[in-house]
Amino acid sequence: MCGIAGFVDFAKRCDRSILKSMTDVLERRGPDDRGYSFSEGKNCQIGLGHRRLAILDLSPNGHQPMAFDDLEIVYNGEVYNYREIREELIDLGYTFSSDSDTEVVLKAFHKWGVAAVSKCNGMFAFAIYKRNSNTLYLVRDRLGIKPLYYYQDDKAFLFSSELKSFFKFPGFQKKISNGSLNLFLCHGYITAPHSIFENTFKLEPGSYLEFDLSTHEITEQSFWSIQDVYRNRVVTGASEDTVVQDFDDLLTEAVEYRMVSDVPIGSFLSGGYDSSLVSAVMQKLSPHPVDTFTIGFEDAQFDEAQYAKRIAGHLGTSHHELYLPIGKVEGLIETIPEYYDEPFADSSQLPTMLVSKFAREKVTVALSGDGGDELFCGYGRYDGVLKYQKYKIIGVLSRLLGKCIGETPGRGKLLQMIQRFKALDSDNNIINYTYLNCQTLIRGLVLDGPTKLENRYFDILDLSQNIQEKYMLQDIITYLPDDILTKVDRASMAYSLEARLPLLDYRVVEFSMNVPHDLKYKNGRKKYLLKKLAHRYIPQSLLDRPKHGFGIPVSKWLKSDLKYLVEKHLHVETIARQGVFDPLKVQQIVSGFFRGDQGPVIDRLVWHLMVFQMWYAKYMDNDA
């Protein structure tokens with residue numbers, strides 16, 4: 001795992017030291033090696049930078065930037081099937097000087113061009129400069145496991161694994177995008193292709209970008225999308241036992257791929273179904289006890305370590321657990337902007353950072369169970385949409401009744417009820433109910449005026465007629481890459497730990513699309529198929545318990561021990577000085593928060609405002 005950065009500077013303001021600064025700010029992503037390629041072209045300067053976390057071929061042969069013929073690459077990630085691709089290339093006459101997947105990707109691109117990426121099974125983000133055509137290519141993996149940002153204005157094109165690289169470039173403009181800020185306030189993250197800054201974007205998952213250095217034109221194309229996978233799905237008619245066996249075989253191969261490493265490897269184990277299944281398959285494949293890692297909290301309300309310990313005992317792993325006071329998480333809050341250089345407010349980032357730090361003491365690679373909920377219908381909200389779907393009928397009846405009753409004593413209450421159900425009159429609005437509520441709450445909050453709703457949250461929902469499938473597909477396209485995978489990438493990379501996710505092997509994803517929905521959600525039981533497979537490895541009695549997740553009582557802290565942070569970052573004078581939000585509107589929201597108004601919606605909004613303000617203090621108030 002690595003960090004990459006680079007630029008094409010048409011104003012020729014740069015030198016090797018700028019490239020070095022942009023690259024070395026990513027040191028946590030790659031502490032083992034560094035490399036820089038700087039060249040002066042006829043009309044521009046070109047810089048490619050790389051920080052390496054050595055996982056495969058620890059020798060200097062894996063050094064980057066790596067060149068072959070007219071190509072030069074900086075690469076972040078792992079292509080798990082690189083040995084098969086390598087053998088195919090050897091048969092075609094290519095030779096290799098290393099055992100790194102970087103060299104395989106480079107020579108595959110030389111042979112097949114961008115079509116080579118469809119052969120690659122893995123997580124990756126890379127840039128390739130092709131001198132003969134004067135073209136720069138950016139590529140990001142199918143699910144968006146690895147990040148890749150880019151920026152363009154009339155004088156430069158930049159790319160990097162993280163936004164903080166751009167801050168080192170002399171021409172970069174830190175201008176906040178109000179549309180992106182709107183997304184963040186409601187969701188706690190910003191969806192691709194947007195970023196917090198104008199003219200700055202995330203390359204979308206499953207896409208590649210071509211930048212023509214002669215014309216300055218960008219072309220972005222998709223090579224894989226969940227929309228296409230779903231549209232072309234062939235729902236299996238096989239028996240339930242056959243589907244479970246097929247899943248077992250496929251997941252076993254996905255885990256086996258991700259166990260290839262020249263450095264120590266382990267697994268996160270929370271005691272939930274997903275991480276337990278991944279750890280079980282890993283242990284099945286390993287000739288020795290696998291290292292598993294769990295953090296526990298001294299406060300029993302938040303502790304899950306006891307469940308993980310029982311499962312580790314059953315599997316026979318070499319289990320490591322670390323118990324911490326819940327205040328240890330609290331103490332990390334003000335460090336969030338250091339590791340997440342775009343506003344990001346999923347509070348489970350905090351325990352994820354702690355378990356990553358703990359695992360890194362013994363291993364360099366850790367397998368994770370992320371992806372199971374989105375692919376196999378695991379979140380509690382998928383139950384919720386079925387309940388709220390019933391309200392559509394109630395809403396229609398209420399509106400019809402409202403037209404009939406005229407002016408009666410009960411009309412006022414009825415109209416209130418009609419208004420409440422109005423937002424639930426379509427599947428799309430049901431799924432995005434919290435977002436729509438937040439939009440109402442933040443109206444007038446951003447000083448530069450109203451911002452446009454993000455249409456992708458609604459447009460993609462026509463793929464299915466099943467409301468749960470609609471929600472799952474939306475989550476795979478938005479929440480999974482831009483929240484879950486962002487959280488895991490930044491938290492693990494903060495400690496130079498590579499996290500691998502076998503449930504997001506694209507073949508597992510495609511398999512899940514071909515599984516009938518009633519094998520994912522059966523008789524009210526979420527994640528039915530995945531649980532049935534897990535029970536092959538672990539007794540149901542050890543696994544069945546309420547879903548917990550990494551829940552952290554942020555709102556409770558902000559109303560008590562951390563109230564001083566609210567007063568510091570959301571103070572009316574601070575807000576007025578910054579000129580981003582309406583100070584009086586912020587004051588109203590904060591007052592409502594301390595009164596307990598509107599429950600979770602306002603609690604989330606205050607936390608999101610807090611995270612934004614901490615980010616602003618680090619990157620906008622200071623010359624970071």
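Yes/no per residue for (1) surrounded by 19 or more Cβ atoms within 10 Å (Cβ to Cβ); (2) touching a Ser or Thr at 6+ places or on another chain (Cβ under 9 Å):
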{"residue": "C186", "(1), (2)": "yes, yes"}
{"residue": "S207", "(1), (2)": "yes, yes"}
{"residue": "E217", "(1), (2)": "no, no"}
{"residue": "E220", "(1), (2)": "no, yes"}
{"residue": "V235", "(1), (2)": "no, no"}
{"residue": "S239", "(1), (2)": "no, no"}
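Could you tell me which residue of region 537-553 is modelled with the highest pLDDT, considering only residues that are part of a helix (DSSP H, G or I) and surrounded by 13 or more Cβ atoms within 10 Å (Cβ to Cβ)?
Looking at the filtered set, the residue picked out is Y537.
Among F159, F172, which is the only one that is surrounded by 22 or more Cβ atoms within 10 Å (Cβ to Cβ) and more than 14 Å from the chain's Cα centre (by Cα)?
Exactly one of F159, F172 is surrounded by 22 or more Cβ atoms within 10 Å (Cβ to Cβ) and more than 14 Å from the chain's Cα centre (by Cα), namely F159.
For region 330-365, enumerate the residues that are under 15 Å from L565 (Cβ atoms) and β-branched (V, I, T).
I333, T335, I336
I need a count of the residues in region 303-342 that are closer than 17 Å to A494 by Cβ and more than 22 Å from the chain's Cα centre (by Cα).
Of the residues in that region, 4 qualify.
Within region 349-369, can you find the residues that are in contact (Cβ under 8 Å) with a residue 12 or more places away in the chain, surrounded by fewer than 24 Cβ atoms within 10 Å (Cβ to Cβ) and not in a helix (DSSP H, G or I)?
K362, V363, T364, G369
Might you let me know whether region 130-140 holds any residue that is basic (K, R) and either in a strand (DSSP E or B) or in contact with a Lys or Arg (Cβ under 7 Å, 6 or more places away or on another chain) (or both)?
Yes, region 130-140 has at least one match.
Does Y619 satisfy being under 23 Å from S348 (Cβ atoms), surrounded by 18 or more Cβ atoms within 10 Å (Cβ to Cβ) and of a type in the set (S, T, Y)?
Yes: the conditions hold for Y619.
Can you go through D274, D262 and tell me which one is over 30 Å from V114 (Cβ atoms) and of a type outside the set (G, A, S)?
From the options D274, D262, the qualifying one is D274.
Residues are listed down the side, and each one gets a yes or a no for (1) in the same structural domain as A305 (by TED's automatic domain parsing); (2) at positive phi:
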position: L533; (1), (2): yes, no
position: R536; (1), (2): yes, no
position: L558; (1), (2): no, no
position: A576; (1), (2): no, no
position: G579; (1), (2): no, yes
position: I589; (1), (2): no, no
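Filter region 119-147 down to residues that are surrounded by fewer than 21 Cβ atoms within 10 Å (Cβ to Cβ) and more than 24 Å from the chain's Cα centre (by Cα) and give me whichever is farthest from T191 (Cα to Cα).
The qualifying residue farthest from T191 (Cα to Cα) is N132.
For region 282-302, what are the residues that are modelled with pLDDT under 95 and over 28 Å from the mean Cα position of the chain (by Cα)?
E298, D299, A300
Return yes or no: is L605 under 15 Å from V554 (Cα atoms) and of a type outside the set (D, E)?
So L605 fits the description; yes.
Identify, from the list V488, V509, the residue that is touching a residue at least 12 places away in the same chain (Cβ under 8 Å), under 27 Å from M353 (Cβ atoms), in contact with a strand residue (DSSP E or B) (Cβ under 7 Å, 6 or more places away or on another chain) and assigned to a helix (DSSP H, G or I).
The conditions single out V488.
Take N437 and tell me if it is touching a Phe, Trp or Tyr at 6+ places or on another chain (Cβ under 7 Å), surrounded by 15 or more Cβ atoms within 10 Å (Cβ to Cβ) and modelled with pLDDT under 95.
Spelling it out, it is not the case that N437 is touching a Phe, Trp or Tyr at 6+ places or on another chain (Cβ under 7 Å), surrounded by 15 or more Cβ atoms within 10 Å (Cβ to Cβ) and modelled with pLDDT under 95.
Hey, can you tell me all the residues within region 280-294 that are out of contact with any helix residue (DSSP H, G or I) (no Cβ under 6 Å at 6 or more places or on another chain) and hydroxyl-bearing (S, T, Y)?
Of everything in region 280-294, just one residue is out of contact with any helix residue (DSSP H, G or I) (no Cβ under 6 Å at 6 or more places or on another chain) and hydroxyl-bearing (S, T, Y), namely S286.
Could you list all residues from region 188-201 that are free of Cβ contacts under 8 Å to residues at least 60 places away in the same chain and either surrounded by 23 or more Cβ atoms within 10 Å (Cβ to Cβ) or not assigned by TED's automatic domain parsing to the domain that holds G77 (or both)?
Selection gives T200 alone.
Cβ-Cβ below 7 Å, separation at least six or inter-chain, first residue in region 513-542 and within 21 Å of A308 (Cα to Cα), second in a helix (DSSP H, G or I) and polar (S, T, N, Q): which pairs?
A534/S276; I538/S276
Please identify the pairs in which a residue from region 110-126 that is closer than 14 Å to L71 by Cα has its Cβ atom under 8 Å from the Cβ atom of a residue that is among the charged types (D, E, K, R), counting only partners at least 6 apart or on another chain.
H110/D69; W112/K119; V114/E210
It is to be established whether one or more residues within region 332-346 are at pLDDT below 95, part of a helix (DSSP H, G or I), β-branched (V, I, T) and under 26 Å from Y273 (Cα atoms).
Within region 332-346, not a single residue is at pLDDT below 95, part of a helix (DSSP H, G or I), β-branched (V, I, T) and under 26 Å from Y273 (Cα atoms).
Going residue by residue through region 309-320, is there one that turns out to be touching a strand residue (DSSP E or B) at 6+ places or on another chain (Cβ under 9 Å) and among the charged types (D, E, K, R)?
For region 309-320, residues touching a strand residue (DSSP E or B) at 6+ places or on another chain (Cβ under 9 Å) and among the charged types (D, E, K, R): present.
Identify the residue in region 1-33 that is modelled with pLDDT of 95 or more, assigned to a strand (DSSP E or B) and not β-branched (V, I, T) and, among all such residues, is nearest to E498 (Cα to Cα).
Per the stated criteria, the residue is G3.
To keep it simple, each residue is scored yes or no on (1) crowded, with 22+ Cβ neighbours inside 10 Å; (2) within 30 Å of T215 (Cβ to Cβ); (3) touching a residue at least 24 places away in the same chain (Cβ under 8 Å); (4) more than 23 Å from the chain's Cα centre (by Cα).
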| position | (1), (2), (3), (4) |
| --- | --- |
| F10 | no, yes, yes, yes |
| M22 | yes, yes, yes, no |
| P31 | no, no, yes, no |
| Q64 | yes, yes, yes, yes |
| D69 | no, yes, yes, yes |
| E84 | no, no, no, yes |
| E87 | no, no, no, yes |
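Residues being more than 19 Å from H535 (Cα to Cα) and of a type in the set (S, T, Y): count how many of those fall in region 268-291.
So the answer is 1.
Only residues that are touching a Gly at 6+ places or on another chain (Cβ under 6 Å) and of a type in the set (A, V, I, L, M, F, W, C): list them for region 188-207, please.
If the condition is that a residue be touching a Gly at 6+ places or on another chain (Cβ under 6 Å) and of a type in the set (A, V, I, L, M, F, W, C), then no residue fits.
Taking region 63-101 only, how many residues are assigned to a strand (DSSP E or B) and of a type in the set (A, V, I, L, M)?
Total meeting the criteria: 6.
If you go through region 326-345, how many residues are over 17 Å from V606 (Cβ atoms) and either in the same structural domain as S160 (by TED's automatic domain parsing) or of a type in the set (D, E) (or both)?
Number satisfying all stated conditions: 3.
Could you please find all residues in region 557-568 being part of a helix (DSSP H, G or I) and either at pLDDT 95 or above or of a type in the set (A, V, I, L, M) (or both)?
Result: L558, L565, V566.
The values are calculated or read from the model by the stated rules, or taken from the named source; none is laboratory data. If you're wondering where the values come from, they're calculated on a predicted model, not measured in any experiment. With ideal geometry, Cβ positions are generated from the backbone for all residues, glycine too; neighbour counts draw on all protein chains shown.
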